[in-house]
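Everything on this sheet refers to the single structure shown next.
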Amino acid sequence: MLLGPVSARTTKLPYRVLALDDDENALSGIVELLRDAGYVVTGAETYEGAKRLLAIGSYDLFVTDVHLRGFNGLHLVRQSTADYPDMAIVIITGYDEPMIEFEATRYGALFVRKPLKAEDFLGACAISLSRVRRKRRWTRRRVIGGFRVTAHDRAAAAVDVSYGGLRLEVSGSEDLPDSFDVVVEGIGLRMEVETVWSRASADGRSLTCGVALATDATPAARTWRAIVDRLSA
């Protein structure tokens with residue numbers, strides 16, 4: 001298949017960050033700092049609020065304070081590392097407690113002391129995310145002949161797969177949205193994915209794109225990994 005130039009929409013979607021701090025002014029500063037650096041940020045002022053957001057959303061990075069009005073942010077960190085192993089974590093605190101830094105290391109998180117210095121804080125976020133990216137580099141498997149799927153209600157074929165995503169050949173050359181559902185025909189498996197890159201064929205009749213699973217922690221993602229294993233067996 002002859003392919004045209006890569007679409008301008010080929011850059012990776014911005015990282016999604018959940019920031020938790022019970023100090024309204026501190027939270028506002030953290031959110032502003034991260035947004036200015038290009039992240040998509042959701043702020044939470046309470047432990048329970050952050051817990052609910054983690055349960056219903058998908059985040060690449062979790063930034064949390066430790067002392068949270070009767071709650072310990074480390075408890076949420078501990079739970080998050082178990083429930084969302086693909087999420088990076090940065091712990092912040094204004095207290096001089098060596099054990100907190102030790103606990104951060106224990107859970108694979110980075111530790112930054114308040115008051116935050118923009119360069120140090122953003123550097124820690126970038127390093128933490130880079131570690132997660134390395135973990136997400138799944139081995140790709142070529143699918144001979146492809147198999148049929150539906151991408152945003154359009155006929156498509158999956159021609160290259162991995163635990164973390166797939167490459168699609170989609171009918172029609174219209175751009176796909178940043179986020180959409182892929183349905184594996186025959187078994188009805190529905191997965192939310194995000195467009196990483198896309199390009200139209202030279203004849204304008206189809207589109208080739210790479211997509212990544214929006215999260216690795218759903219039942220659909222686990223079923224998808226089982227499918228990939230069977231394809232390579």
Restricting attention to the stretch 49-92, which residues are in contact (Cβ under 8 Å) with a residue 40 or more places away in the chain and either among the aliphatic types (A, V, I, L, M) or not assigned by TED's automatic domain parsing to the domain that holds Glu103 (or both)?
Leu61, Val63, Leu68, Leu76, Met87, Ala88, Ile92
The stretch 211-223, residues that are more than 17 Å from Ala88 (Cα to Cα) and crowded, with 20+ Cβ neighbours inside 10 Å:
Val211
If a residue must be assigned to a helix (DSSP H, G or I) and either touching a residue at least 40 places away in the same chain (Cβ under 8 Å) or surrounded by fewer than 14 Cβ atoms within 10 Å (Cβ to Cβ) (or both), how many such residues does the stretch 36-48 contain?
2
Take the residues of the stretch 55-74 that are surrounded by fewer than 21 Cβ atoms within 10 Å (Cβ to Cβ) and under 23 Å from Thr218 (Cβ atoms): which is nearest to the chain's Cα centre (by Cα)?
Ser58
For the stretch 144-168, give me each residue that is among the charged types (D, E, K, R) and surrounded by fewer than 19 Cβ atoms within 10 Å (Cβ to Cβ).
Arg148, Asp153, Arg154, Asp160
Of the residues Val143, Val149, which single one is modelled with pLDDT of 90 or more and not assigned by TED's automatic domain parsing to the domain that holds Tyr59?
Val149
Could you go through the stretch 216-228 and let me know if any residue there is modelled with pLDDT under 90, among the acidic types (Asp, Glu) and within 24 Å of Asp60 (Cβ to Cβ).
yes
When you scan the stretch 169-179, how many residues do you find that are within 25 Å of Val40 (Cα to Cα) and either in contact (Cβ under 8 Å) with a residue 60 or more places away in the chain or surrounded by fewer than 20 Cβ atoms within 10 Å (Cβ to Cβ) (or both)?
4
Residues of the stretch 85-114 satisfying the condition of being in a helix (DSSP H, G or I) and charged (D, E, K, R):
Glu101, Glu103, Arg106
Subset of the stretch 52-84 [over 27 Å from Ser179 (Cα atoms) and assigned to a strand (DSSP E or B)]:
Asp65, His67, Leu68, Phe71, Asn72
Name the single residue that is modelled with the highest pLDDT among those in the stretch 8-28 being small (Gly, Ala, Ser) and surrounded by fewer than 16 Cβ atoms within 10 Å (Cβ to Cβ).
Ser28
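The values are calculated or read from the model by the stated rules, or taken from the named source; none is laboratory data. Source: prediction; values computed, not measured. Neighbour counts are summed over all protein chains in view; Cβ atoms, including those assigned to glycine, are modelled from backbone coordinates with ideal geometry.
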